[in-house]
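FYI, it's all coordinate maths here, none of it is from the lab. Values in this document were obtained by computation on a predicted structure and should not be read as measured data. Cβ: placed from backbone, ideal geometry, glycine included. Neighbour counts: every protein chain shown.
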């Protein structure tokens with residue numbers, strides 16, 4: 001099987017990361033925002049693994065595993081927060097939640 | 001003795017203080033007092049062991065114990081280390097010995113049920129004081145001495161204000177602390193100057209300091225130099241605070257607000273003598289400056305006289321003793337000032353014996369009369385309190401200098417050496433001015449006054465008829481409040497209290513044996529203390545004109561005659577014909593003298609008007625109203641107000657509460673940073 005070089009991996013990672021970032025910044029639905037965050041995290045994972053393979057070192061893969069664990073925890077907390085927000089206002093539209101304004 | 005054991009001496013009282021503080025309310029009077037007494041007694045045992053070791057060692061031997069290096073900056077190394085030379089060892093024995101006796105006495109004295117919850121505090125402070133005092137005298141360097149110096153001041157403050165719920169007592173504590181701080185400031189400046197003058201050879205260890213200065217007095221300006229005079233005067237300024245001399249003596253009489261054992265231990269026997277101890281320790285330095293020596297001797301003599309004139313009219317038994325202490329401290333400074341270091345220090349020791357006894361005896365009287373301190377309501381107490389009264393007679397004879405008693409030998413030696421001092425050595429007004437003779441006259445007059453006011457105290461309180469009690473219904477009521485079920489008459493105190501009195505009585509009687517004058521045929525015993533201390537003062541050679549001649553005995557007889565006359569007058573006025581007292585006063589004493597003495601020559605009022613008042617006005621009107629309220633508060637409020645205006649005006653726009661807006665700013669920031677890195681590299 002032909003080896004995939006570093007650049008295709010990084011380009012793919014950057015594209016996915018940008019998609020995620022744009023999703024976070026533009027979508028109003030909190031669930032979609034959470035999903036977009038997952039996209040960003042996994043884009044980073046992809047870059048980690050790509051670099052790990054390129055350098056022949058296991059560190060990046062270790063980090064990827066850590067990121068997955070943290071992402072799982074973050075998703076659990078994030079979903080719980082969204083649930084509570086929904087109970088509060090019967091909506092998950094982020095524009096309805098501006099209680100922290102100064 | 002293994003020198004390492006030396007560090008145990010201060011360790012015991014520290015341990016005691018910590019233990020009692022940890023037990024706090026769980027320690028009753030007997031437990032706290034027992035621990036405190038045991039710890040000081042252990043210190044005393046090791047102190048006497050040290051003294052015995054040094055006394056049997058060859059001349060000039062010292063013991064030292066180094067615990068660890070405390071501070072090390074450049075060439076300067078300061079250790080936590082202790083040094084015991086003859087001077088230290090003698091002082092250690094006085095502090096721990098008299099201290100242990102006073103601890104025992106305190107167990108008996110502090111039995112007021114109102115204090116039951118706080119006696120542990122009393123004993124913890126007392127032990128802490130002994131620890132600080134031992135640091136002061138045993139520290140082998142200036143810095144450790146200064147730690148002790150400040151430590152005793154702090155304990156003194158805590159103990160004067162022991163009954164802090166009484167505002168006046170708390171104020172007396174503050175007064176003592178502040179007066180001492182003024183002196184300490186001068187002490188520190190003197191220390192800094194000395195340190196600065198030595199330059200490359202700067203050191204804080206006493207032994208090195210002595211070596212450096214003796215090897216090259218030019219470092220501090222040479223004999224009689226302006227620099228050494230300034231250093232000595234500044235250090236003496238510290239001593240005037242701690243040892244209550246003019247101009248800083250005002251705190252000591254007020255310090256009598258503390259419990260009487262505190263007055264005996266701190267404000268008579270130990271702490272107040274630390275100024276004299278410091279000058280003895282630095283005799284090699286002070287001997288280089290005849291002007292400073294002249295100032296010390298003059299201030300000492302003037303203080304002795306001045307305080308004695310106040311003591312003559314006071315009616316509070318503790319106030320008389322307080323002014324008497326100031327006066328006796330003046331004698332000690334007179335002694336060290338004319339260069340008779342061992343004589344001055346001898347008076348420190350004998351004074352510790354008889355003044356501790358006088359205070360403890362007064363405490364016993366106050367205890368027996370339920371907090372009555374006015375001598376006009378005493379009288380005839382010898383009948384009711386035979387042991388206390390008997391011991392009081394011994395202390396009285398010692399302080400007036402009755403032949404054979406301890407005070408006789410020490411005071412006589414100071415007066416004689418003052419008389420025969422070499423004027424060139426105390427050249428305050430030039431070498432030809434007969435300063436020694438004038439100082440001797442002041443000293444002799446003070447001895448007469450001392451005999452008068454001490455006899456007055458003894459005759460008013462211990463002889464004649466009892467003037468308090470029965471007729472005094474108020475006193476009777478107070479009596480019942482305290483829950484003692486005694487009769488109306490004063491009663492002897494408990495053995496815990498009179499046993500220390502007996503020991504101190506014997507010491508007051510026999511203390512002179514330590515340093516018998518040369519005209520007493522006592523063989524090896526003659527001048528024991530003088531010879532023992534000689535190596536300490538070896539680098540401060542002082543000469544006395546005709547000290548070997550037998551002028552001593554005529555001078556002594558002359559003083560003695562006046563003293564006896566003074567006792568007789570006192571006896572006549574206060575015992576034989578008290579009804580003539582008022583008319584004698586009218587005819588013989590001008591009003592302003594009597595009122596001046598009664599009101600302490602208005603020194604407190606003078607300080608209030610000249611120093612404290614202006615400082616208060618300046619602080620309130622300028623520092624508080626302008627500098628603090630307007631300048632500093634203005635700056636603080638201005639900065640806060642500016643920030644508030646900025647935040648409410650501009651930053652509100654960005655704090656809009658939209659998380660996604662925040663995320664956008666964050667992402668934009670990250671993008672800018674990445675771009676900056678990319679462009680930069």
### Task
Take the alpha carbon atoms of the protein assembly as shown, find their radius of gyration, then divide it by 2.2 N^0.38 Å using N residues; give the quotient.
1.37
### Message
For peptide A:16-24, what's the mean number of Cβ atoms from other chains within 10 Å of each residue's Cβ?
### Response
1
### Message
From Cα pairs below 8 angstrom and at least 6 apart in sequence, can you work out the relative contact order of segment B:362-598, rounded to a whole percent?
### Response
30
### Query
What translational D, rounded to a whole number of µm²/s, comes out for segment B:362-598 from Stokes-Einstein when the hydrodynamic radius is the Kirkwood one over Cα pairs, at 37 °C and 0.692 mPa s?
158
### Query
Which order do peptides B:11-21, B:388-398 fall in by mean Cβ count within 10 Å, highest first?
B:388-398, B:11-21
### Task
Kindly state, as a whole number, the per residue volume in cubic angstrom of the convex hull around the alpha carbon atoms of chain B.
239
### Query
Which percent of the Cα-Cα distances in segment B:36-127 go past 15 Å?
69
#### Entry: 10 Å Cβ neighbours from other chains, averaged over peptide B:131-137
0
### Message
From the helices alone, meaning DSSP H stretches of at least four residues, give me the mean residue ellipticity at 222 nm for chain B, per-run term -39500 (n - 2.57), in deg cm²/dmol to the nearest 500.
### Response
-20500 deg cm²/dmol
## Note on the structure
At the level of C-alpha centres, the distance separating segment B:352-391 and segment B:280-307, in angstrom, is 34
### Query
For helix B:119-138, what angle does its Cα long axis make with the longest principal axis of chain B, in degrees from 0 to 90 and rounded to 10?
90
### Task
Take the alpha-carbon centre of segment B:24-63, take the same for segment B:199-237, and report the distance between them in whole Å.
33
### Query
Considering every Cα-Cα pair within segment B:523-657, what fraction, in whole percent, is farther apart than 22 Å?
76
### Task
Could you calculate, for segment A:6-96, the ratio of the Cα radius of gyration to the Kirkwood radius, expressed as Rg to Rh?
1.10
### Task
Can you tell me the 0 to 90 degree angle between the C-alpha axis of helix B:552-571 and the longest principal axis of chain B, rounded to 10?
90
#### Entry: Distant alpha-carbon pairs in segment B:603-680 (separation over 18 angstrom), percent
71
### Query
What is chain B's relative contact order, in percent, from Cα pairs under 8 angstrom and six or more apart in sequence?
12
### Query
Using only helices, what value at 222 nm comes out for chain A when you add -39,500 (n - 2.57) per DSSP H run of length 4 or more and divide by the total residues, to the nearest 500 deg cm²/dmol?
-27000 deg cm²/dmol
### Query
Bin by bin, in steps of 10 Å, what percent of the Cα pairs in segment B:75-120 do you find, going until the bin that has the longest distance?
21, 27, 23, 19, 8, 1
### Message
For chain A, take the longest principal axis of its alpha carbons; what is the angle in degrees between that and the long axis of helix A:30-55, to the nearest 10 within 0 to 90?
### Response
10
### Message
Tell me the Kirkwood radius of segment B:233-323: reciprocal of the mean inverse pair distance over distinct alpha-carbon atoms, in Å.
### Response
13.8
### Message
For a protection proxy built on the mean count of beta-carbon atoms within 10 angstrom, sort B:82-92, B:514-524 highest first, please.
### Response
B:82-92, B:514-524
